[in-house]
Amino acid sequence: MTAISILGAGAMGTACAWIAAQNPETSVRLWARNETFARHMHETRENSRLLPHVKLPPRIDITADASRALREADVVLVCIPTRGVRNAMHELAALIPRSALLVSAVKGIENETLLRPSQLIQEFVGQRPVVVLGGPCHAEEITVRKPGSIVAACESLDAAEQIQSLLSMDSLRVYANADQRGVELAGALKNVIAIAAGICDGLKFGDNAKAALLTRGLAEMVRFGITTGAHSETFFGLAGLGDLVATCNSQHSRNRFVGEELGRGRSLAEIQDSMTAVAEGVFTARSVCQFSHQHGVNMPIAEQVFRVLFENKCPRAATVELMQRPLKLE
């Protein structure tokens with residue numbers, strides 16, 4: 001049996017626990033920080049707040065006891081929002097077995113340091129391989145066995161293939177990839193473009209505008225990736241284009257929802273107060289703009305998203321500014 005410990009009981013952490021439990025050769029433990037919430041999940045066998053009506057198999061051990069959750073773990077899968085990874089790893093790293101394979105399903109970039117989640121994890125556990133998960137994977141669909149495909153990426157392809165084998169099932173096809181940096185960045189960057197796509201929907205701009213937005217947004221993602229040393233082709237795969245299409249169009253996308261509500265005239269504070277889950281793109285937009293300014297990466301869509309989010313710029317005015325930029329070759 002392979003012991004898999006999952007840190008974080010949000011929608012994705014719950015979904016990852018459900019996926020892992022479909023493999024009869026695994027034992028699964030799900031760690032939730034809040035003891036009351038963990039007890040409720042244990043008793044009801046569901047995450048009533050984020051994934052209601054998805055029944056969790058009895059073989060998933062749900063606990064708020066980190067020592068119990070991580071004891072003798074073979075695989076540790078981190079499913080914590082980016083802004084919480086540093087504090088969580090500071091608290092939990094000493095409990096993670098040195099032999100455990102680390103996996104990150106986190107899609108963001110830390111604001112203060114511009115570190116990717118895998119780098120944050122390595123700050124606390126040393127330079128051990130970290131497999132990153134990417135691609136279109138809405139928890140609401142995976143947990144009802146709707147078909148999907150994701151990517152497990154690591155510079156150590158052997159490590160990526162281990163996770164590929166553990167998480168694959170009849171309704172989930174997992175690909176392996178060696179471009180960890182590209183897969184991780186694609187997962188973070190597409191959330192920013194998804195906010196722009198939501199604004200597009202909120203303003204009722206139509207199909208032409210949204211298609212153009214996704215296409216030019218992908219170009220920005222590729223430019224950013226190349227600047228950091230990622231492979232451009234990664235952004236045209238599941239982690240890039242695949243996740244971008246899903247996140248920019250799905251009713252399940254929290255980032256698209258934020259953008260749509262901004263387009264309808266609500267404030268960011270009002271939107272966030274009404275949400276039960278984190279829209280990572282809000283925080284990533286700040287990191288992306290900081291990096292693009294420092295390194296001279298042209299990212300006009302991300303720039304306008306940042307201004308709408310944090311400078312109270314009118315979404316329609318941001319659109320006008322994008323459309324009236326100097327003409328250029330594609």
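Summary of values
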read-out: Amide hydrogen neighbours beyond the local backbone of Asn47, cut-off 5 Å, H modeled; value: Val54
read-out: Simple Cβ-charge dipole of the chain, Lys/Arg +1 and Asp/Glu -1, about Cα centre, in debye nearest 20; value: 520 debye
read-out: Distant-in-sequence amide H partners of Lys107 (H built 1.01 Å from N, under 5 Å); value: Thr82
read-out: Antiparallel bridge percentage (DSSP; both residues within the chain; nearest 5); value: 15 percent
read-out: Principal-axis tilt of helix 82-92 within the chain, Cα atoms, nearest 10 degrees; value: 20 degrees
read-out: Rg/Rg_globular for the stretch 25-81, with Rg_globular taken as 2.2 N^0.38 Å and Rg from C-alpha atoms; value: 1.10
read-out: From phi via Karplus (6.51, -1.76, 1.60), per-residue ³J(HN,Hα) for the stretch 66-79 in Hz, x at Gly/Pro; value: 5, 4, 5, 5, 9, 4, 6, 6, 8, 9, 10, 10, 8, 10
read-out: Three principal axis lengths of the stretch 2-178 [C-alpha, angstrom, descending]; value: 38, 33, 31
read-out: Under 5 Å, built H, 5+ apart or other chain: amide partners of Ala176; value: Ala152
read-out: Nearest-ten-degree value, helix 300-310 long axis tilted from longest Cα axis of the chain; value: 80 degrees
read-out: Cα long-axis angle, helix 35-44 against the chain (0 to 90 degrees, to the nearest 10); value: 70 degrees
read-out: Relative packing of 295-306, 133-144, 168-179, 44-55, which averages over residues the other C-beta atoms within 10 Å, highest first; value: 133-144, 295-306, 168-179, 44-55
read-out: Relative contact order of the stretch 189-323, pairs being alpha-carbon contacts under 8 Å that are 6 or more residues apart, as %; value: 35 percent
read-out: Residue-by-residue Karplus 3J(HN,Hα) for the stretch 314-321, coefficients 6.51, -1.76, 1.60, Hz, glycine and proline x; value: 5, x, 5, 5, 4, 5, 4, 5
read-out: Of Thr215, Thr247, Thr14, the one that fluctuates the most in a GNM where the chain has Cα springs shorter than 10 Å; value: Thr215
read-out: Taking the chain and dividing mean pair separation by its residue count, relative contact order in percent (alpha carbons under 8 Å, at least six apart); value: 15 percent
read-out: Reduced Cα scattering model of the stretch 197-330, Debye log10 I(q)/I(0), q = 0.18 Å⁻¹; value: -1.09
read-out: Distance cut-off 17 Å, percentage of C-alpha pairs in the stretch 45-133 lying past it; value: 53 percent
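Computed from the coordinates by the stated procedures, all read-outs in this text should not be read as laboratory data. What you see is a predicted model; the values in this text were computed from it and never measured. Every residue, glycine as well, gets a Cβ built from its backbone with ideal geometry; the counts of neighbours run over all protein chains shown.
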